[in-house]
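Down below is the structure, laid out as structure tokens.
What follows is calculated from the coordinates using simple rules that are stated; it is not laboratory data. All values derive from a computational prediction rather than experimental measurement. No Cβ is skipped: glycine too gets one built from the backbone with ideal geometry, and neighbour counts run over all protein chains shown.
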Amino acid sequence: MTEHLDASAAPLRDLHAFIAGLPKAELHVHHVGSASPRIVSELASRHPDSKVPSDPEALVDFFTFTDFAHFIDVYLSVVDLIRTPEDVRLLTYEIARDLARQQVRYAELTITPWSSTRRNIDERAFMDAIEDARKSAEAEFGTVLRWCFDIPGEAGLEAAEETVRLATDDRLRPEGLVSFGLGGPEIGVERPQFKPYFDRAIAAGLRSVPHAGETTGPQTVWDALTDLRAERIGHGTSSAQDPKLLAHLAEHRIPLEVCPTSNIATRAVRTLDEHPIKEFVQAGVVITVNSDDPPMFGTDLNNEYAVAARLLNLHEQGLAELAKTAVDVSFLDEPGKARIRQEIDSYTASWLAP
Ligand SMILES: [Zn+2]
């Protein structure tokens, strides 16, 4: 599933190297969905009774994407390996290591706390585990992490209530929490029913970033905008079918978090060449490029930048702009944004210097 640029084309090879070193921000990536074979191997060896192999080579096969049902299998097997607060800490900290290797300076990681608390992980210990990982990762890797707590839509209003409680209770709410999301399948999971939960999260100062229009039509995106007061949209792929919606997103500068490889893996879009990313840009919609559930879709953020470079015909300067857009529309504070923007500029200038 990895994007292969023509190996004989030297400028494109250079572009891969440029992307690999480019400081970046990742705004749409899931916690459990970021567990790489390396991390799963560590978790599996802590829980030998699980059906997940701990041998790294066997894990590569286990992870090889075959279809969406297989992705769900892998995802649920990894969920089953996260049984203790120490598992949560290890997963979170090791994800930061993988992000730092790709020069990701800032990431908003979507966490589904409901998956853990309903499996009897103590809620206080869960929050401490992610916060401990966040602080260690920032000190050791220089990667700043922030959290988005999301409602697993398929689990309904009970999960919504639990998620908003964990996100807004002053005794529990982690320092790194910045936003509130809605994930899971979209078909049959109407967005408007979650309005009261988003209202409470927004009232508590959290930013609204629901998934919408990934596997359903543009109406879901409208619902996310009007009912859930979305500030950014996760995917929003089907917005391309509605010119009025595209104009609205462009006018109000509501970004779409585009995850190209994920959209192919889940069959939301048939092929990369048919991906509407170019139509978004032509319509003036702000976009960011993201990796979603990278190891499970055989990708990473660097590969998504390579995909965007090909689909949008971007070179170094355009890719640097793309990276800066993600910084601009992130929920990082202004000094933090300025620092990463500056780093992107100086990296790009030194790369392009004769
Ligand atoms: Zn997602």
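Values for this structure:
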{"quantity": "Charge dipole of the chain about the Cα centre (unit charges at C-beta), most positive-ward option of Tyr93, Leu272, Ile19", "calculated": "Ile19"}
{"quantity": "Unit charges on C-beta of K, R, D, E only; dipole of the chain, Debye", "calculated": "560 debye"}
{"quantity": "Length gained when the stretch Ala203-Tyr75 is fully extended (0.36 nm per residue, less Cα-Cα span)", "calculated": "42.9 nm"}
{"quantity": "Spatially near lysine pairs across the range 10-352, Cα under 21 Å, sequence gap of 8 or more or different chains", "calculated": "8"}
{"quantity": "Solution diffusion estimate, µm²/s, Stokes-Einstein, the chain, Kirkwood Rh from C-alpha pairs, 10 °C, viscosity 1.306 mPa s", "calculated": "78 µm²/s"}
{"quantity": "Most mobile listed residue (Glu316, Glu175, Glu138) in the chain, GNM with C-alpha springs under 10 Å", "calculated": "Glu175"}
{"quantity": "Highest-MSF residue in the chain out of Leu166, Leu256, Leu182 [GNM, Cα springs under 10 Å]", "calculated": "Leu166"}
{"quantity": "Order by protection proxy (mean Cβ within 10 Å, highest first), peptides 49-62, 299-312", "calculated": "299-312, 49-62"}
{"quantity": "Paramagnetic reach from Lys195 (point 7 Å along Cα→Cβ, amide N under 18 Å) across the range 222-260", "calculated": "222-231"}
{"quantity": "Least to most buried among His252, His235, His30, His211 (fewest other Cβ within 10 Å first)", "calculated": "His252, His30, His235, His211"}
{"quantity": "Kirkwood Rh in Å, taken over all unlike Cα pairs in the range 101-256", "calculated": "16.2 Å"}
{"quantity": "Rounded to 5, percent antiparallel among DSSP beta bridges of the chain", "calculated": "0 percent"}
{"quantity": "Sum of -39500 (n - 2.57) over DSSP H runs of 4+, divided by residues of the chain (222 nm, nearest 500)", "calculated": "-15500 deg cm²/dmol"}
{"quantity": "Footprinting exposure proxy for Trp147, Trp351 (fewest neighbouring C-beta atoms within 10 Å first)", "calculated": "Trp351, Trp147"}
